[in-house]
Amino acid sequence: MNKLVVFASGGGSNFRAILQSISEQRLSSRVVALVVNRQDCGAADIADNAGIPVLYFPNRFFGDDIPAAEELVTDLLQYDTDYLLLAGFLRKIPRQVLDAFPDQILNIHPALLPAFGGPGMYGMRVHAAVCKAGVTVSGATVHFVNAEYDRGAILLQRAVELTPGGETPATVKEKVLRVEHQLYPAAVQLLEQNRVVITEGRVTLWER
Ligand code: GRF
C-alpha cells in the first residue's frame, strides 16, 4: 500500500478524484496528509471532511530559505511517504525536497506537455494560450517533477478534442479537468502496480 502526500493550492478537484478512487477501492494507496500553502483553499476543506491531516506550509517554505526547506523535508519524512502528488500546487518544489524524494514526485498539468508548459504556464493561462494558438487538441499530462518546470519524465497523457473557433479558456478547462480526474488516479494505479521505470528522463511501462 503506497502512502501519498498530496500538495494543493486551490479547489482540489484532482485531490477529490483521487480520494474517490480510493474510497471506491479502485486504488489501494492511502493519502496520509495534504500540504497546502494557503489555509483557505478548497482542498483543505476536502481533507478536513475526509479526516486527512492538513499541513500548512506558507510560501516561505518554497523559496530560497534553506532551513525552511529542510524543515519541510523533515516533516514529510515523518509520514513515511512513498509519493508526493502535486495537484494544483502553485509553488516550486525546493531542491531539498526533490533530493529527498527522487523520482517520487508527480504533477498534473492541464495541457499536452511539452506544449503549453514552463514557467508562468499555470491555471487559466494555459487554457488561454491553447485558445490563442488555435490548436484542435489539448489534454492533460501526469509527469514526474524535476528542477525544471513541467520538464520531468512524462508518465501519462490523454487528449481532448477542441472545436475550432468554438472554445473559450473556460470550456477548454472544463474538458481538460474531466480527463484529469481520470488520468491522475490511473497514474497512481501504475505506481501501485510497480510498472513504472524512469531511464534517461523517460518513462518505460512494464507489461503486467
Ligand atoms: C488542474 O488543472 C491541474 O492540472 C493544475 O491545476 C489545476 C488544479 O485543479 N496543475 P484542482 O485544484 O485539482 O481542481
Carbon and sulfur atoms account, in whole percent of the 1.4 Å probe accessible area of segment 51-150, for 53 percent
Mind checking the per residue accessible area of segment 1-96 for me, 1.4 Å probe, whole number of Å²?
-> 48 Å²
Taking only Cα atoms and a 10 Å spring cutoff, compute GNM fluctuations for the chain and point out the largest among Val142, Val126, Val197.
-> Val197
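When the helices in the chain are scored as -39500 (n - 2.57) per DSSP H run of 4 or longer and the sum is shared across all residues, what 222 nm value do you end up with, to the nearest 500 deg cm²/dmol? Could the numbers behind the result be given before it?
Details: 6 runs with 72 residues, N = 208.
Computed mean residue ellipticity for the chain: -10500 deg cm²/dmol.
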Of the DSSP beta bridges with both residues in segment 1-134, give the percent that are antiparallel, rounding to the nearest 5.
-> 0 percent
Taking R0 as 25 Å and r as the Cβ-Cβ distance between Asn194 and Ala133, the FRET efficiency 1/(1 + (r/R0)^6), rounded to the nearest 0.05, comes to 0.10
Quote to one decimal, in nm, the extra length available between Asp64 and Thr163 on full extension: 0.36 nm per residue of separation minus the C-alpha distance between them.
-> 31.4 nm
So how far apart, in nm, are the two label points at Tyr79 and Lys3 if each is 7 Å from Cα heading toward Cβ?
-> 1.0 nm
Would you mind checking which residues have amide H under 5 Å from Val203's amide H? H placed 1.01 Å from N; only 5 or more apart, or other chain.
-> Ile154
If you roll a 1.4 Å probe over the heavy atoms of the protein chains, what accessible area per residue do you get for segment 99-178, in Å²?
-> 50 Å²
Two-decimal log10 I(q)/I(0) for segment 1-151, as the Debye equation yields it once each C-alpha is a single scatterer, q = 0.19 Å⁻¹ = -1.23
5 angstrom amide H check on Leu86, placed H, neighbours 5+ away = Phe7, Leu106, Asn107, Ile108
Length gained if Arg202 through Tyr56 is fully extended, taking 0.36 nm per residue and subtracting the Cα-Cα distance, is 49.3 nm
For Lys173, go through the lysines and keep the ones whose alpha-carbon is under 25 Å away, minus same-chain ones fewer than eight residues off.
-> Lys92, Lys132
Percent relative contact order of segment 73-208, based on C-alpha pairs within less than 8 angstrom and at least six residues apart?
-> 21 percent
re segment 94-163: pairs of Cα atoms spaced beyond 20 Å account for a percent value of 31 percent
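Quote the FRET efficiency, to the nearest 0.05, computed for Gln39 versus Glu71 with a Förster distance R0 of 22 Å and r equal to the Cβ-Cβ distance.
Efficiency, rounded to the nearest 0.05: 0.80.
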Between Tyr184, Tyr83, Tyr122, find the one with the highest GNM mean-square fluctuation for the chain; connect C-alpha pairs within less than 10 Å.
-> Tyr122
Using a 1.4 Å probe, how large is the accessible area of Ile52, given in Å² and rounded to the nearest 10?
-> 20 Å²
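The values are calculated or read from the model by the stated rules, or taken from the named source; none is laboratory data. These numbers were taken from a predicted model, which means no experiment stands behind them. So basically every Cβ, Gly included, is an ideal-geometry build from the backbone, and we count neighbours across all protein chains shown. Accessible surface is based on the protein model in full, side chains and every heavy atom, while ligands, DNA and RNA are left aside. Shrake-Rupley method; radii C 1.70, N 1.55, O 1.52, S 1.80 Å.
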